[in-house]
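Undergrad: Below you will find the structure I want to go over with you.
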Amino acid sequence: MDYSAHPSAIIDEGCNIGKGTKVWHFSHIMPNCTIGENCNIGQNVVISPAVVIGNNVKIQNNVSIYTGVTCEDDVFLGPSMVFTNVNNPRSAINRRDQYSKTVVKKGASIGANATIVCGHDIGRFAFIGAGAVVTKNVPDYALVVGNPAKQMGWMSEYGHRLKFDADGLATCPESKQQYKLSSNRVSRIDV
């Protein structure tokens, strides 16, 4: 076993957990999950069957990740955020064959208490504000906040708000990486 798990954690059979990953108190990893290397899974986290988690993903306390969700590398899931997996749940009706897929792409951050309604993908390095309710796809580098979540701007890969000039160019104040805004899409300029 190349990962560590607190004795109170439950890890069901058929899971593949990568080297260096830590699973903390009272978390439950359900059958057939794939979790990458160097992840940190906080206390009281539930990861439902067949969920896929990439490398270096940080999952804070009290997060629920349901079947149909994939998180790519370097994703941050804030405390008590939640995903859904059925658009029209009813207690008396089994809809396990109707789970909608959600992909959280590389480097995205989802704030505390946010809700991601199933079937909506989160773009690369997107930033979902605390308490936001995401009801549509979020583009790469987008900053979205509120209920329902609305786009309020753009974020750098280092998590700083980007301020674009008249030519559609912006520079991250921390990394000095440059970005281009064109046709309401942001891309990083590789120098």
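The values are calculated or read from the model by the stated rules, or taken from the named source; none is laboratory data. Quick caveat: nothing in here was measured; it's all calculated off a predicted structure. Methodologically, a virtual Cβ is constructed for each residue, glycine included, from the backbone with ideal geometry; neighbour enumeration extends over all protein chains shown.
Undergrad: Test residue 65 against the criterion of being farther than 20 Å from residue 131 by Cβ, in contact with a strand residue (DSSP E or B) (Cβ under 9 Å, 6 or more places away or on another chain) and buried (at least 18 other Cβ atoms within 10 Å of the Cβ), and give yes or no.
TA: no
Undergrad: Can you name every residue in the stretch 154-186 that is over 19 Å from residue 76 (Cα atoms) and assigned to a strand (DSSP E or B)?
TA: Hits for the stretch 154-186 are 169, 170, 171, 178, 179, 180, 181, 182, 185, 186.
Undergrad: Okay, moving on. Return the residues of the stretch 110-135 that are over 15 Å from residue 65 (Cβ atoms) and not in a loop (DSSP other than H, G, I, E, B); say none if nothing qualifies.
TA: Scanning the stretch 110-135 gives 127, 133.
Undergrad: In addition: Go through the stretch 30-56 and report how many residues are in a loop (DSSP other than H, G, I, E, B) and in contact with a strand residue (DSSP E or B) (Cβ under 7 Å, 6 or more places away or on another chain).
TA: Looking only at that region, the number is 9.
Undergrad: State whether one or more residues within the stretch 87-99 are modelled with pLDDT of 95 or more and part of a strand (DSSP E or B).
TA: No, because not a single residue in the stretch 87-99 is modelled with pLDDT of 95 or more and part of a strand (DSSP E or B).
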